[in-house]
Amino acid sequence: AQKITQTQPGMFVQEKEAVTLDCTYDTSDPSYGLFWYKQPSSGEMIFLIYQGSYDQQNATEGRYSLNFQKARKSANLVISASQLGDSAMYFCAMRDHTGANSKLTFGKGITLSVRP
Amino acid sequence: DGGITQSPKYLFRKEGQNVTLSCEQNLNHDAMYWYRQDPGQGLRLIYYSQIVNDFQKGDIAEGYSVSREKKESFPLTVTSAQKNPTAFYLCASSIGGTPFNEQFFGPGTRLTVL
């Protein structure tokens, strides 16, 4: 069964510092995709970064990078040079071929607060 | 601009009433999805549709119904059978249903049952 685990209840980081948000996943499917989304207080879900299970290199998108450790089944999000606008909920999600039509399964999220 | 619109942003319903949440996309995406989010929780899949005139139940479909008569529209009806409908509802779409396509989300509808 698909499963995404985000255990950090809340994270605090000083502005301009880097922060790592943890995510572990569980799947028996060798073909899967991992996604991170940001949800500000307004509620919309903003896509940040994607990592495919067959990708050889860690994904990067601007200040976001994904520390993908396949053997450990972890896909941690690294945000460099934190900004006040990064304060939000962050969700890790996975899609594989388990079940019909590869649904997106979300973790419970991590709250990130950036201090000035 | 291409995107996903949801209306209304806030919706209040009396117990026993059915309500319909709108979701429209102009991204030309084939797949569309409805999620429910409760406070402090992740998203749970209600229904999804890979093509027009076809849709499938997600993990928590009881008390909900959908239709997909047009590619760009995927309305969700919350029926009186849904015992605890107060939640934040998010609609999403993607190019296809493979693991390698990200989903793009609308701004959400916050439903409150009075």
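Quick notes on this one:
- Selection of the stretch A:73-97 for residues being at pLDDT below 95 and either more than 13 Å from the chain's Cα centre (by Cα) or farther than 18 Å from A:Gly109 by Cβ (or both) yields A:Asp96, A:His97.
- Out of A:Ser53, A:Ser41, sole residue that is more than 11 Å from chain B (Cβ to nearest Cβ) and hydroxyl-bearing (Ser, Thr, Tyr): A:Ser41
- Looking across B:Gln50, B:Gln56, one residue alone is out of contact with any Phe, Trp or Tyr (no Cβ under 6 Å at 6 or more places or on another chain) and in a strand (DSSP E or B). It is B:Gln50.
- Only one of the listed residues (B:Arg68, B:Arg13) is touching a strand residue (DSSP E or B) at 6+ places or on another chain (Cβ under 6 Å) and modelled with pLDDT of 95 or more. That residue is B:Arg68.
- Scanning the stretch B:60-73 for residues that are under 25 Å from B:Lys14 (Cα atoms), open to solvent by 30 Å² or more (accessible area, probe 1.4 Å) and outside any strand (DSSP E or B) yields B:Ile60, B:Glu62, B:Ser67.
- Tabulated pairs, the stretch B:44-59, first at the interface with another protein chain (Cβ under 7 Å from one of its Cβ atoms), second of a type in the set (D, E, K, R) and crowded, with 18+ Cβ neighbours inside 10 Å, C-beta under 6 angstrom, 6+ apart or interchain: B:Leu45/A:Lys103
- Residues (more than 15 Å from A:Gly43 (Cα to Cα) and either among the aliphatic types (A, V, I, L, M) or at pLDDT 95 or above (or both)) located in the stretch B:27-46: B:Leu27, B:Ala31, B:Met32, B:Leu45, B:Ile46
- Exactly one residue among A:Phe47, A:Phe12 is under 14 Å from A:Leu104 (Cβ atoms) and not small (Gly, Ala, Ser), and that residue is A:Phe47.
- Just one of the listed residues (A:Asp22, A:Asp86) is closer than 30 Å to B:Tyr10 by Cβ, of a type outside the set (A, V, I, L, M), surrounded by 14 or more Cβ atoms within 10 Å (Cβ to Cβ) and more than 11 Å from every other protein chain (Cβ to nearest Cβ), namely A:Asp86.
- Residue match in the stretch B:25-32 (condition: open to solvent by 10 Å² or more (accessible area, probe 1.4 Å) and at positive phi): yes
The values are calculated or read from the model by the stated rules, or taken from the named source; none is laboratory data. In this text the structure is predicted, and so the values were computed from the model without any measurement. No Cβ is skipped: glycine too gets one built from the backbone with ideal geometry, and neighbour counts run over all protein chains shown. In case anyone asks, the SASA skips ligands and DNA or RNA and just uses the protein heavy atoms, side chains included. Shrake-Rupley method; radii C 1.70, N 1.55, O 1.52, S 1.80 Å.
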